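Structure record follows, encoded as structure tokens.
Just so you know, all these numbers are worked out from the coordinates, no wet-lab data involved. In this text the structure is predicted, and so the values were computed from the model without any measurement. Every residue, glycine as well, gets a Cβ built from its backbone with ideal geometry; the counts of neighbours run over all protein chains shown.
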Amino acid sequence: MVRTLLLTAAVSGLLISDTLSQSAGGGGAGDNAKFVASQSTDQLVFSKFKGSDVVGPNDESIGGVNDLLFDKSGKILGVVVGVGGFLGIGQKNVAMDMSAFQLIPASNGSSPGSSSAGGPAPAASNRSDDPTKFKLKVAWTKEQVQQAPDFQYFKPASESASNGPTTGLGGRRSSPMAPISPPAPQ
């Protein structure tokens with residue numbers, strides 16, 4: 001008897017939840033979602049964009065792309081470029097507006113159809129129309145970019161600074177401690 005009652009309750013729950021999920025008024029955020037099936041030649045993916053070379057007006061190396069700054073709607077506001085330093089040590093980040101960059105094909109130092117061994121080179125590595133091989137060119141010199149302000153990532157206010165004193169052990173006091181004064185004479 002109990003078994004039949006539990007089975008009936010479980011089946012009823014499944015039917016009700018299925019009915020509620022199919023109701024017309026239950027539109028969620030996924031109803032208008034769009035999928036992108038593939039990358040076109042005029043689109044970039046971040047995995048190829050990160051680490052891209054940034055060069056100055058005379059093709060001098062300035063740095064590499066470390067990050068992107070974008071708002072909640074997805075609009076790219078800036079590109080964070082690592083400038084100076086050696087192997088990331090002593091490097092500072094400079095954020096530049098996206099409009100400051102000109103996308104240029106990356107040159108690999110050899111002419112198409114040849115390689116250092118004298119034979120034909122692989123086609124993919126020398127193609128100038130490959131959208132994943134590019135550099136970012138800016139109008140500033142390396143020295144000008146090194147003088148730019150250092151980009152500061154957002155750091156939320158620390159808990160201990162905004163919520164008062166701590167116990168010193170990472171915890172919060174439950175109430176402020178005040179000295180106990182003797183009872184007033186009567």
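Once you have a ≥ b ≥ c as the square roots of the Cα gyration tensor eigenvalues for segment 56-99, tell me rounded if a/c is under 1.5, and otherwise prolate or oblate according to whether a/b is larger than b/c.
The shape class here is oblate.
Under 5 Å between amide hydrogens, which residues at least 5 positions from ALA95 or on another chain qualify, with H placed 1.01 Å from N in the peptide plane?
HN-HN under 5 Å from ALA95: VAL81, PHE151.
Kindly flag which residue pairs out of LYS75/LYS137; LYS92/LYS142; LYS48/LYS133; LYS50/LYS133; LYS34/LYS133 have an alpha-carbon separation exceeding 18 Å in this structure.
Result: LYS75/LYS137; LYS34/LYS133 exceed 18 Å.
Could you go through segment 91-105 in sequence order and give the Karplus-derived ³J(HN,Hα) for each residue, using 6.51 cos²θ - 1.76 cosθ + 1.60 with θ = phi - 60°, rounded to whole Hz, and x for Gly and Pro?
7, 10, 9, 10, 9, 10, 4, 4, 5, 6, 9, 10, 7, 10, x
If packing is taken as the average number of other Cβ atoms within 10 Å across a peptide's residues, how do 32-39, 56-63 rank, most packed first?
56-63, 32-39
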